[in-house]
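Student: Got a structure for you, written out below as structure tokens; questions coming shortly.
The values are calculated or read from the model by the stated rules, or taken from the named source; none is laboratory data. All values derive from a computational prediction rather than experimental measurement. Backbone-built Cβ (ideal geometry, glycine too); neighbour counts: all protein chains shown. SASA here: full protein model, heavy atoms, side chains in, ligands and nucleic acids out. Shrake-Rupley method; radii C 1.70, N 1.55, O 1.52, S 1.80 Å.
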Amino acid sequence: MPVLRRHQPVSSSKPRLVVQNKLPPGRHRFALVVVDEHGRESAPDICEVTVQPRKPGQHRAQDTKP
């Protein structure tokens, strides 16, 4: 799995990209640019994600699985 790094593009020919990042609390912006088979790029589609800080005693769903 790739790790997203600031201002470093990640390329994939698959329709889904799974990454391994542990984002700190705060706002994070991502840009998606699609390149067609002729090398033409789309305009960037910007997505903003807000990661909320965990409350004391709060566990991730994966921490509670048996």
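Student: Which one of ALA43, PRO9, VAL19 is farthest out on the positive end of the charge dipole of region 1-57, using unit charges on Cβ (Lys, Arg +1; Asp, Glu -1) and the Cα centre as origin?
Tutor: Working it through, the farthest residue towards the positive pole turns out to be VAL19.
Student: Mind ranking 45-52, 5-12 by how tightly packed they are, going by the mean number of other C-beta atoms within 10 angstrom, highest first?
Tutor: Those peptides, ordered most packed to least, come out 45-52, 5-12.
Student: Using only alpha carbon positions, build the gyration tensor of the chain, then give the equivalent ellipsoid semi-axes as the square roots of 5 times its eigenvalues, largest first, whole angstrom.
Tutor: 30, 15, 10
Student: Express the accessible area of the chain per residue in Å², computed with a 1.4 Å probe while the remaining protein chains stay in the model.
Tutor: Heavy-atom accessible area per residue stands at 100 Å².
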